[in-house]
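We did not get these values from a lab; they are worked out from the coordinates using the rules stated. What you are looking at is a predicted structure, and each value in this text was computed from that prediction instead of being measured. When we count neighbours, we look across all protein chains shown, and the Cβ atoms used for this are built from the backbone with ideal geometry, even at glycine.
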Amino acid sequence: MLYSEKVMEHFTNPRNVGEIPDADGVGEVGNAKCGDIMKMYLKIDNGIVTDCKFKTFGCGAAIATSSAATEMIKGQPIETVMKLTNKAVIDSLDGLPAQKLHCSVLAEQAVKAALSDYYTKNGIDPAPILGEIGECAHCAQ
């Protein structure tokens, strides 16, 4: 299995690792059965993601996609963050092996789960905005 230089860089030097104790939104996706669990923390001020951190238990690709996703959303307005796709995460890493594509899905879902939590905490139903946050096909097996 070959990983791009960008995947290796994010795996060996992940960005934004940790927790935000007073996070405005927290999302956790994945499960121990599949082996990948991602937890995403968002700090949001005036509709902008001012800080984000992650904790991921999983393979190198899971860590790399989490790291890349945080870099992509930090400093961005919520409207932009909502549009994050697993394809954008894959593209930012110059690709992933086919058997690791589910890691990028988890990264997208972790971000959207954290946004969902943020909306819920602010009394807004997230479903009409974010849609359903399903389980990745790999984890559902």
| task | Between I124 and E28, take the C-beta separation as r, use R0 = 22 Å, and let me know the FRET efficiency to the nearest 0.05. | result | 0.65
| How are the Cα pair distances of the chain distributed, in percent, across 10 Å bins from 0? | 13, 47, 33, 7, 0
| remark: Result row for the chain, helices from DSSP H with C-alpha axial extent 30 Å or more and mean Kyte hydropathy at least -0.5, is 101-121
| task | Among DSSP beta bridges lying fully in the chain, give the percent that are antiparallel, nearest 5. | result | 95
| field | Residue (of I20, Y41, M8) at the positive-pole extreme of segment 5-125, dipole from beta-carbon charges | value | M8
| task | Have a look at segment 1-79 and give its Rg and Dmax from the Cα atoms, expressed in angstrom. | result | 12.9, 42
| note | For segment 70-111 the trypsin sites (Lys or Arg not before Pro) that pass both the DSSP coil test and the at-most-16 other-Cβ-within-10 Å test are K83
| query | If you average the sequence gap of Cα pairs under 8 Å that are 6 or more apart and divide by the length of the chain, what percent do you get for the contact order? | reply | 29
| field | Dipole magnitude (debye, nearest 20) for the chain, charges at Cβ of Lys, Arg, Asp, Glu | value | 220
